[in-house]
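Some notes on the structure that comes next.
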Amino acid sequence: MRESEGLDFVQAVEWLGERTRVPLEYEEVSPQAEERRVRRDRLFDLLESAAKFFERYLWEAPVAERVRVYLDERNLNVEACRAFRIGFSPGGNVLADKARERGYTSDELAAVGLINRRGNDYFGERLIFPLADARGRVRGFGARELPWVEYSISAKYVNSPEGELFSKAEIVYGLDRARAGVAKEDRTIVVEGYTDVIALHEEGLTTAVASMGTALTTQQLRELGRLTSRLVLCFDSDLAGQEATLRGMELAVSAGFDVKVVTLPAGQDPADAPEDFAERLEQP
């Protein structure tokens with residue numbers, strides 16, 4: 001299991017404990033260390049609860065009907081969206097109030113980036129993508145703007161702020177769902193965005209992951225290197241995507257990876273034509 005999941009011994013024990021719901025006992029060196037562990041567990045629980053809240057809001061709230069139609073128009077079917085736990089943030093202070101009702105403090109909400117300085121929900125009215133580590137633990141969120149909403153901050157994507165549990169440079173989007181396939185095929189497809197990953201998984205290319213919209217980082221390559229030494233890079237065909245491809249390729253090669261680059265027609269990304277990607281993937 002350690003080899004197929006790409007985990008070290010401690011991670012494997014913790015993973016099994018989570019899967020079997022067997023509580024683990026830790027030998028701590030001080031009360032302060034135990035306090036840090038308890039706080040960390042609470043923060044992970046808070047993020048998991050937030051992910052479930054966003055999911056339920058997307059699929060059950062009447063106000064989210066327009067978002068569900070939007071996903072269908074983007075050819076992201078319900079099964080794929082649920083598999084990747086896509087959600088919807090209504091904004092305001094809906095999530096913050098729910099979390100406080102469950103006993104979480106404003107300090108804890110701020111520590112994981114769920115509220116802003118005014119104490120309101122950090123994410124406005126946006127589509128939500130949980131960002132998990134390789135073990136599937138939610139560490140933060142990516143939030144995409146919706147075409148019909150006016151935003152005070154004009155940014156297509158907003159991520160959780162850097163914090164105790166979240167570092168954008170360390171997250172490989174989709175790796176928790178792809179790692180078994182990656183270990184089996186000994187190859188990872190690295191694309192740029194969340195919807196690219198989801199679209200490729202829908203087409204059966206279940207080793208696809210994303211580099212969080214930027215060139216690959218040393219930390220991301222370390223995570224991928226636990227599973228494979230073969231990478232296929234396919235970033236967007238615009239100038240920024242080409243530059244990210246070159247930087248990622250250089251870093252990956254220097255780290256000892258075998259790298260292949262898949263190019264797409266100008267103006268196209270993997271989510272636009274995922275059905276053609278498998279053919280491109282096998283081209284020399």
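So the values come out like this:
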item	result
Number of the exception - Ser154 against (1) outside any helix (DSSP H, G or I); (2) in contact (Cβ under 8 Å) with a residue 12 or more places away in the chain	(2)
Subset of the range 19-41 that is open to solvent by less than 90 Å² (accessible area, probe 1.4 Å) and at pLDDT below 60 - its residue that is nearest to Leu131 (Cα to Cα)	Thr20
Test: Glu185 is open to solvent by 10 Å² or more (accessible area, probe 1.4 Å), touching a helix residue (DSSP H, G or I) at 6+ places or on another chain (Cβ under 6 Å) and modelled with pLDDT under 95	no
Pairs with Cβ under 9 Å, 6+ apart, first in the range 253-276 and under 16 Å from Gly241 (Cβ atoms), second open to solvent by 40 Å² or more (accessible area, probe 1.4 Å) and of a type in the set (A, V, I, L, M)	Val259/Met249; Val259/Val253; Val261/Met249
Flag for Ala96 being on the phi < 0 side of the Ramachandran plot, open to solvent by less than 20 Å² (accessible area, probe 1.4 Å) and either in a helix (DSSP H, G or I) or small (Gly, Ala, Ser) (or both)	yes
Where Asp236 falls short, out of the listed (1) surrounded by fewer than 16 Cβ atoms within 10 Å (Cβ to Cβ); (2) within 19 Å of Gly174 (Cα to Cα)	(1)
Verdict on Val112 being over 22 Å from the mean Cα position of the chain (by Cα) and either closer than 15 Å to Tyr157 by Cα or among the hydrophobic types (A, V, I, L, M, F, W, C) (or both)	no
Residue count, the range 219-233 (criterion: of a type outside the set (D, E, K, R), within 18 Å of Leu131 (Cβ to Cβ) and in contact (Cβ under 8 Å) with a residue 40 or more places away in the chain)	3
Residue within the range 132-147 that is β-branched (Val, Ile, Thr), out of contact with any Gly (no Cβ under 6 Å at 6 or more places or on another chain) and at pLDDT 95 or above present	yes
All positions within the range 247-270 that are farther than 19 Å from Gln283 by Cα, surrounded by 14 or more Cβ atoms within 10 Å (Cβ to Cβ) and aliphatic (A, V, I, L, M)	Leu251, Ala252, Ala255
Set Phe44, Phe54: member being crowded, with 18+ Cβ neighbours inside 10 Å and not acidic (Asp, Glu)	Phe54
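Per-residue answers, yes or no, for (1) on the phi > 0 side of the Ramachandran plot; (2) in a loop (DSSP other than H, G, I, E, B):
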site	(1), (2)
Glu79	no, no
Arg85	yes, yes
Ala110	no, no
Arg118	no, yes
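Results for (1) open to solvent by 60 Å² or more (accessible area, probe 1.4 Å); (2) more than 19 Å from Cys81 (Cα to Cα), shown as yes or no for each residue.
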| residue | (1), (2) |
| --- | --- |
| Tyr104 | no, yes |
| Gly119 | no, yes |
| Arg126 | no, no |
| Leu131 | no, no |
| Val138 | no, no |
| Glu170 | yes, yes |
| Ala178 | no, no |
| Glu192 | no, no |
| Leu200 | no, no |
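The values are calculated or read from the model by the stated rules, or taken from the named source; none is laboratory data. Please read these numbers as outputs of a predicted model, since none were measured by experiment. We place every Cβ from the backbone using ideal geometry, glycine too, and count neighbours over all the protein chains shown. In case anyone asks, the SASA skips ligands and DNA or RNA and just uses the protein heavy atoms, side chains included. Shrake-Rupley method; radii C 1.70, N 1.55, O 1.52, S 1.80 Å.
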